[in-house]
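The values are calculated or read from the model by the stated rules, or taken from the named source; none is laboratory data. Fair warning: this is a prediction, and the values are worked out from it, not measured in the lab. Positions of Cβ are backbone-derived with ideal geometry, glycine not excepted, and every protein chain shown enters the neighbour counts.
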Amino acid sequence: MTFKTIYIADDEKKIRDLISLYLTNEGYQVTGFKDGYSLLSKLTIKLPDMVILDIMMPGISGYDVCKEIRKNSDIPIIIVSAKDEPFDKILGIELGSDDYLSKPFSPRELVTRVKNIFKRIDNARKITNTTNKLLVKDVTIYKDQRKVMNEVGEILLTTKEFDLLVFLMENKNKVFNRSQLIDHIWGYDYVLETRLVDDVIKRIRKKLKDMKTILEITTVWGYGYKIEE
């Protein structure tokens, strides 16, 4: 059996140990780091299956660590932070995190969110080859590889960006409001400001534009989003 590995960066040892205890009890292999620099150094040696980051750490913030990870990897990132303002959550999502949990939090809730992210990724990888390839306009998605391509090259997306693009492409020409997208993409009872959905869409649009795709995510004013055939 292959165990999934998770790196945790938090300058509070009690929190690192608590998170590690709960995740280890669920069968994950966990490594803790007291600051962001230590985690980034380890990433150059071996990539984990997920990273859990605190924001306020000495030396380099969790935001900056998230930004550095996203330069080279789309591994899932969960931010846990005492900062609970909408701005902080939005910034975390904009920088590429897949989830944001405010302190103090229930360790069981964190475990649930970790499981849901891994479950969604694993389910996508189990898709048979007959349903693996998804093509709309000039964008092709290979779902088992979680790879997005066009004629220019590969379009690198985070976990939630990928899941959202797949969902809209699979349901092309259908319009979904923000609450529906939260239900489908986050996949559990998650209280999320609908504005954060807009920020994920914004990031996907920028990446599609940077790769000069014909495919676009259309805004249906006053309601939501869709992708047209």
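What is the number of the single condition among (1) crowded, with 20+ Cβ neighbours inside 10 Å; (2) among the small types (Gly, Ala, Ser); (3) at pLDDT 85 or above that GLY27 does not meet?
Going through the list (1) crowded, with 20+ Cβ neighbours inside 10 Å; (2) among the small types (Gly, Ala, Ser); (3) at pLDDT 85 or above, GLY27 breaks only (1).
State which residue is farthest from THR112 (Cα to Cα) when the search covers only the stretch 30-59 and only residues that are small (Gly, Ala, Ser) and surrounded by fewer than 20 Cβ atoms within 10 Å (Cβ to Cβ).
GLY59
Kindly provide the set of residues from the stretch 131-157 that are under 21 Å from the mean Cα position of the chain (by Cα) and assigned to a strand (DSSP E or B), ordered by number.
Within the stretch 131-157, LEU134, VAL139, THR140, ILE141, TYR142, LYS147, VAL148, MET149, GLU154 qualify.
From the list TYR22, TYR37, which residue is aromatic (Phe, Trp, Tyr), at pLDDT 95 or above and under 26 Å from ARG120 (Cα atoms)?
So the residue among TYR22, TYR37 that is aromatic (Phe, Trp, Tyr), at pLDDT 95 or above and under 26 Å from ARG120 (Cα atoms) is TYR22.
Within the stretch 87-106, identify whether any single residue is modelled with pLDDT of 90 or more, in contact with a strand residue (DSSP E or B) (Cβ under 8 Å, 6 or more places away or on another chain) and of a type outside the set (Gly, Ala, Ser), and answer yes or no.
No.
Considering every residue within the stretch 68-78, establish whether at least one is out of contact with any Asp or Glu (no Cβ under 8 Å at 6 or more places or on another chain), assigned to a helix (DSSP H, G or I) and surrounded by fewer than 19 Cβ atoms within 10 Å (Cβ to Cβ).
Yes - at least one qualifying residue is present in the stretch 68-78.
Condition (residue is without any contact (Cβ under 8 Å) to a residue 40 or more places away in the chain, under 17 Å from VAL51 (Cα atoms) and β-branched (Val, Ile, Thr)) applied to the stretch 149-162: is it met by at least one residue?
No: zero hits.
Mind telling me which of the residues SER97, SER38, SER20 ends up being among the polar types (S, T, N, Q), in contact with a helix residue (DSSP H, G or I) (Cβ under 8 Å, 6 or more places away or on another chain) and either assigned to a loop (DSSP other than H, G, I, E, B) or touching a residue at least 12 places away in the same chain (Cβ under 8 Å) (or both)?
SER97
So that you can scan it fast, the table gives a plain yes or no per residue for (1) part of a loop (DSSP other than H, G, I, E, B); (2) surrounded by fewer than 16 Cβ atoms within 10 Å (Cβ to Cβ); (3) not assigned by TED's automatic domain parsing to the domain that holds ASN25:
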| site | (1), (2), (3) |
| --- | --- |
| VAL65 | no, no, no |
| ASP84 | yes, yes, no |
| PRO104 | yes, yes, no |
| GLU109 | no, yes, no |
| THR112 | no, yes, no |
